[in-house]
Structure formats: structure tokens, C-alpha cells
Amino acid sequence: MRTPSTPLRAASVLCLALLAGPVVAGPAAAGPLTSPGTTRQLADVIPAPLQTYADAGAGYRLAPDTVIRTQSGSPEIRRIGEYLAGVLRPATGYRLPVVPAAHPRQPGISLLLGGADRRVGAGGYQLDVGRSGITIRATEPAGLFAGVQTLRQLLPAEIESPRPQRRSWAVPGGRIVDQPRFAYRGAMLDLARHFHTPDEVRSYIDLIAQYKINYLHLHLTDDQGWRIQIDSWPELTTRGGGPGTGVDGVGPGFLTKADYAALTAYAASRYVTVVPEIDMPGHTNAAQSTYAELNCDGVAPPPRTDIAVGYSSLCIGSEITYDFVEDVIRELAAITPGPYLHIGGDEAHATTDEDYRTFMTRVIPLVAKYGKRAFGWNEIAKVAEDPSVVAQYWGTGTSNPDLVAAAQRGNKVVMSPANKSYLDMKYDSSTPLGLSWAGFIEVRDAYDWDPATRVPGVGEESILGVEAPLWSETLRTGDDIEFMAFPRLPAIAELGWSAAAHHDWDSFRQRLATQAPRWSRQNVNFYRSPQVPWVS
């Protein structure tokens, strides 16, 4: 497992003048498989860029006098520049000072807002590589950060080494014009079934940001544990998240509000927005076993450490329930900078359909009351009359009338089909971690589907994006997280970023193969799928 790096403090852009050779759209430009010691090609990256224009005679090599220029007068872009310098300095051994763009011209990397190709919209970037340097342009800082991740992959794999390497740092010449397909490209981490420490979460943020994932959904509560401090109900964490909680009773712990604020700030420094989830009205045994008044009979059930689902439900007819829910939403919304608050809603088998509707009809407006947009698993689609509610599809099938009806009302959908995107599913029968209720998911299974055609009637215009959930019933360590996420997380990332026309398994597996030496240098514990011709 890799150690989280220093929080990003500034943004920067690479400036360069170059010009284009032949244009290649998407992954068709992947070309021959490259070894870690050879020069990369512009289209070797993940996710696949929108368009690449190769110019074989215009490559750039980092040198001891290379500087990183950032937009003058923008502390945020300077922070991106400092982040880039922090990535490049250990392996190169170069100073790589971060200077204003107006600094006297020296060979280097420039990070600039404005002046990009008109196809570069929100979150996209233009990257130019010529003999005198590299320029990244975008319309907003998030695009510059995305361009930095692309540049990182264009450098030799040794750039991820923690100590200076004796080699040439060449970047292939040409231009990349790139933009995301979907605005929401997410990963989910379950802290409830097993608590993962803030350092483990930060490490995961660093890894997912490399593949242009821009949302991290944190599943903070469930039957086995409550993992976020709520001042109004203090025993939720001391008892509901204390010793003996978690699957098999071995995953105790919780985030204080200070921990959570630090995580959201760290994520933001990587242009990742945290989406917190409080699952309800089911998956609530940790709360109900802590506070008896949340049960209709006033009797607290015993804590649960098994992996069964569907047995718990808040007391729908009790006003105490809504006092509790409002307190939780109010406090969590107050410390969440992002726009979304996830209220779960899945597997509420112990709640009648009528009670489920009653509950959600009262709770969804509370999310808006505290300035957030409600998000829920796809069961919420059958009751969410408010078109601002986001429904997250987790089903294994390709038909869901409630989801189609919600899309027709204007609700946006995040696609997370369990048999394609659930990273906790085993790769095959021999995988030591994970579950298999949704089937085995090899890398090609995770890659070979289209979010806009998965459920007929829920088309491209209704898709907010994709998300790869990672549930933690069988996970215990950061190494476990990495093993289940990699290499499947990059597959989902490409579905979220790259144009549908560029979807190409053969190209993807070749590009994925070249990630292995990078992950090895980052100490990422990844699964060497037999479907991929890994580069050593």
C-alpha cells in the first residue's frame, strides 16, 4: 500500500507551443505495447483521450533547468503546480521551481486557463508537447489537474519512484484534446462494515485521482457500524462505532468531524468531491442497537456483526425517528462542502412499501432544507417525485421500470450495476477476498458495458455518470482495498471519462498492461489478471 502524499496546495498549467501531426481519435492510437523504459505514445493513457495529434519530432525532455509556470495571480493553479512538482521531484532529482507564467522564458511546463481548443469544456484540457516545453490549458482548474494526470502517465513509469533515477525523462510530442463524457465519475468506499483509517482513505483518493475519478462516495453507516460523529446523538460513534463493531467484530473506529473535514479538504485538493451516505430507513441496526428509542417497541436489538441484510428498519410512525434523521442530516450537511448527500434507501425489506414512501416523502425535503441534493440507491426512484433526486442504479438486470419513469421525470442516474462495477465481487472462484452474489467480475466484465445502454429507457441524457462501489465485508487493510480496486477501477474510470466511440477492449488491455510498472513503484497491491498482457 502506498503512503498518501502531501496535500495539494496549488494548481499549475504546462505551457508550450507545438504543432500537430496526424490526428488519432481515442484508443486507436494506442499502438504497440511499450515497455517501462521506452517513450510513451500520446494515446497510451487511461482514460483514453478524445483526440491525439502525434508529432514525432516535437518531444520534450525534462531537464535540471525545467521550471513549472502557473497562471499569474491564481493561488489555486499554483497549488496544482506544486502538486505536479511534488510528483516529479523524487524520481528526477530536479528542483522544478514553480514560478509565475510571466517569469522569463525557460524550458518548462506551463499550466494556464484559457486559450484551449473549443472542444475542451468543463473538466477537459488541451495538452501540447513541443521542443521548448509542455503546455496544459483548460477552462477551469479541474481540467488542469486532469491534464497533469495525463502528463504523469506520458512520462516513463520510473517517474513514480520515490528516489532519483538515472534515466531520460522524455514526453512524446504532439497535442491531446480531451474532455469527460460524464460529469460524475465516482468510487465508493464502505467504512461501515469495516472502518478504514483516514490515511487509508487518503491513499485511495490519491490513486483514484490518477484516473480522473472526481467523486468519492463514503458509506458511513450500516447495520454493523456507525462511522461519523453526530454531536446530537453522541453514542452513535462511541458505541455504534466502538470496539466490537464491524463484520466479525473486528472493524471498530469512526471519523470525528475534524477527521471528516480533513478528508474532504484532502479530496478537494485532488479535485475529488466527497459524497457522504447515511443509509436509511434500513441498514440501521448500529443506530437502533445504540438508541432504543429508534425502535417501535422501545427495545434496542443486539449489535450485529454478520453480513445479513434487510432485517432492520427505523420506526416510520415515530416522530423521534424524524428528529433523529433531521439532526443527522443537519450536522452532516454542515460539514460537507460538496452538493450531494446520499440517504441510501436500498434493501429496506423490513419496511413496507407504504412506510417507505412515507419515510422518503418526509426525509428527501430535509436534504434540500440543509442545502444539499438528495442521492439514493435505485429503490428511491419509485418514490422520488422531486426531479433533483439522483438515483444510483445497482441492479444486476437491464430492466427497471421505476428507474425509467424517474428518468422520464428528469431525475439523473448514476450507473453502478453490481455485476459490472462492484469492486468487492471476486475476480474468479480463487480470489481470496470479496463476495460473489452478483457473479465474478474480471477486468473485461468491468469494462465491456455502456452506461447509456445498460437500462433501455435510461439514455445518455439521463446519465449523470458512473460509480464503482467497494463494499468492505471481507476487507481489512489498505492492501485489500487496492487488490479489489485495481485493475478494475481504471476500467470504470474510462467508461466515465472516454467517449463511447472510443470503447475498445483490445486497446484498453494493452494500455492497462503498461500501468503495472507504475503501480509496482507506488507499492499498489494490484491483481495481475490473466486477461491482461502485463508489462514487467
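The values are calculated or read from the model by the stated rules, or taken from the named source; none is laboratory data. Just so you know, these numbers come straight off a predicted model, no measurement behind them. All Cβ positions, even for glycine, are placed from backbone atoms using ideal geometry, and neighbour counts span all protein chains on display. Note: areas computed on protein heavy atoms with side chains; ligands, DNA, RNA excluded. Shrake-Rupley method; radii C 1.70, N 1.55, O 1.52, S 1.80 Å.
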Would you mind computing, in nm to one decimal, how far apart the modelled labels at residue 330 and residue 291 are, each placed 7 Å from Cα along Cα→Cβ?
1.2
Hey, could you get me the Stokes-Einstein D for segment 60-103, Kirkwood radius over alpha-carbon pairs, 10 °C and 1.306 mPa s, rounded to whole µm² s⁻¹?
150
Computed, not fitted: 222 nm per-residue ellipticity of the chain from DSSP H runs ≥ 4 (each -39500 (n - 2.57)), nearest 500, equal to -8000 deg cm²/dmol
Cross-link candidates for residue 420: which aspartates and glutamates have Cα within less than 14 Å, leaving aside residues fewer than 8 places away along the same chain?
428, 442, 445, 448, 450, 467, 494
Restrict the search to segment 49-137; then list the trypsin sites (Lys or Arg not before Pro) that DSSP places in a loop and that have at most 16 other Cβ atoms within 10 Å of their Cβ.
95, 105, 118, 119, 131
What is the spread of the Cα atoms of segment 159-246 along each of their three principal axes, largest first, in whole Å?
58, 35, 20
With 0.36 nm assigned to each residue of separation and the Cα-Cα distance removed, residue 265 to residue 299 gains 8.3 nm
In nm, spacing of pseudo-spin labels at residue 199 and residue 450 (7 Å Cα→C-beta vector)
4.6
For residue 435 and residue 250 in the same chain, what is the full-extension length gain: residue separation times 0.36 nm, less their Cα-Cα distance, in nm?
64.8 nm
Average projection area in nm² (convex hull over Cα atoms of the chain, one quarter of hull surface):
22.7
Under 23 Å from the Cα of residue 369, which lysines turn up, not counting those fewer than eight places away in the same chain?
257, 382, 412
What FRET efficiency comes out for residue 105 versus residue 167 if R0 is 25 angstrom and r is the Cβ-Cβ distance? Round to the nearest 0.05.
0.40
Taking the alpha-carbon centroid of each part, what is the distance from segment 152-186 to segment 273-314 in angstrom?
44
FRET efficiency, residue 405 to residue 479 (Cβ-Cβ, R0 25 Å, nearest 0.05):
0.05
Mind checking the per residue accessible area of the chain for me, 1.4 Å probe, whole number of Å²?
34
When all Cα-Cα pair distances of segment 323-450 are considered, the percent exceeding 24 Å is 38
Nearest 10 degrees, 0 to 90: what angle lies between the long axis of helix 488-497 and the longest principal axis of the chain (Cα atoms)?
80
Out of all DSSP beta bridges in the chain, what portion is antiparallel? Express it as a percent rounded to 5.
35
Förster radius 25 Å - calculated FRET efficiency between residue 362 and residue 238 (Cβ-Cβ, nearest 0.05)
0.35
From the C-alpha gyration tensor of segment 341-399, pull out the three semi-axes of the equivalent ellipsoid (sqrt of 5λ each), sorted largest to smallest, in whole Å.
19, 15, 9
